[in-house]
């Protein structure tokens with residue numbers, strides 16, 4: 001009995017040490033952390049800001065994003081500061097439905113685009129059910145999180161106005177049009193710049209590059225249609 005009790009004590013000490021190390025390792029370290037999640041044919045990027053707040057950009061076509069969050073978020077952390085949906089196509093959106101239902105999300109950032117898909121309906125329903133504030137953005141808007149900034153450079157208000165009347169019902173856009181209306185943004189921290197264009201590819205990239213890219217170097221490019229490149 002005495003040996004058994006000592007075994008419990010030792011196990012408790014070891015468990016406590018592991019939890020303490022895990023807790024200390026998860027404290028804000030003043031660095032920007034970016035994790036590109038393996039979700040198959042789709043996009044999901046988890047970003048932890050230097051002050052400890054965080055952001056998820058898209059959620060992929062399945063629930064694999066939950067495994068990614070489980071690996072890179074502290075095990076006790078059930079809150080995500082910001083969820084960004086670049087555009088409402090299933091390969092960027094479906095995993096976000098599970099995220100909104102399992103985590104407390106402070107607010108959602110997306111464009112004004114609509115979709116007729118069941119997944120989009122589930123996404124909107126989850127936002128309403130959990131009373132999550134939304135921010136619908138167009139080019140020229142800025143979001144600041146500590147020393148990190150997000151600068152939205154696309155879509156323009158003109159692009160949204162041109163797209164919304166097109167589609168089968170109530171301005172719902174087709175898949176190709178959804179790509180052209182992606183939320184495109186710069187993430188900047190100090191001298192580090194990352195460009196997230198969603199799936200906004202050669203059809204419209206000439207309209208959101210130019211002056212924005214000419215005054216500095218982009219260290220990381222999330223290549224449209226599920227790719228990324230580091231320079």
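Rule-based calculations on the coordinates, nothing more; no lab input. What you see is a predicted model; the values in this text were computed from it and never measured. Glycine gets a Cβ as well: all are built from the backbone with ideal geometry, and neighbour counts include every protein chain shown.
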- P(r) histogram, all alpha-carbon pairs of the range 52-91 included - 10 Å bins from 0, percent: 26, 57, 17, 0
- Note on the structure: Whole-Å distance linking the alpha carbon centroid of the range 53-87 with that of the range 190-211 is 23
- Rounded to one decimal in nm, the spacing of the 7 Å Cα→Cβ label points at residue 191 and residue 72 is 2.5
- Item | Alpha carbon centroid spacing (whole Å) that separates the range 134-159 from the range 90-127 | 18
- Task: First measure r as the distance between the Cβ atoms of residue 202 and residue 149, then evaluate 1/(1 + (r/R0)^6) with R0 = 25 Å and state the FRET efficiency to the nearest 0.05.
- Result: 0.40
- Query: Which value, in Å³ per residue, describes the convex hull spanned by the Cα atoms of the range 17-158?
  - Reply: 107
- Message: Give me the extension gain from residue 130 to residue 112: residue separation times 0.36 nm, minus the current Cα-Cα distance, reported in nm with one decimal.
- Response: 4.5 nm
- Query: Each label point is 7 Å from the Cα along the Cα-to-Cβ direction; what then is the distance between the points at residue 63 and residue 121, in nm?
  - Reply: 2.1
- Taking a ≥ b ≥ c as the square roots of the eigenvalues of the Cα gyration tensor, with a/c under 1.5 meaning rounded and otherwise prolate when a/b exceeds b/c and oblate if not, the range 25-73 is prolate
- Note on the structure: Compactness check, the range 123-162: C-alpha Rg relative to the 2.2 N^0.38 Å globular estimate gives 1.48
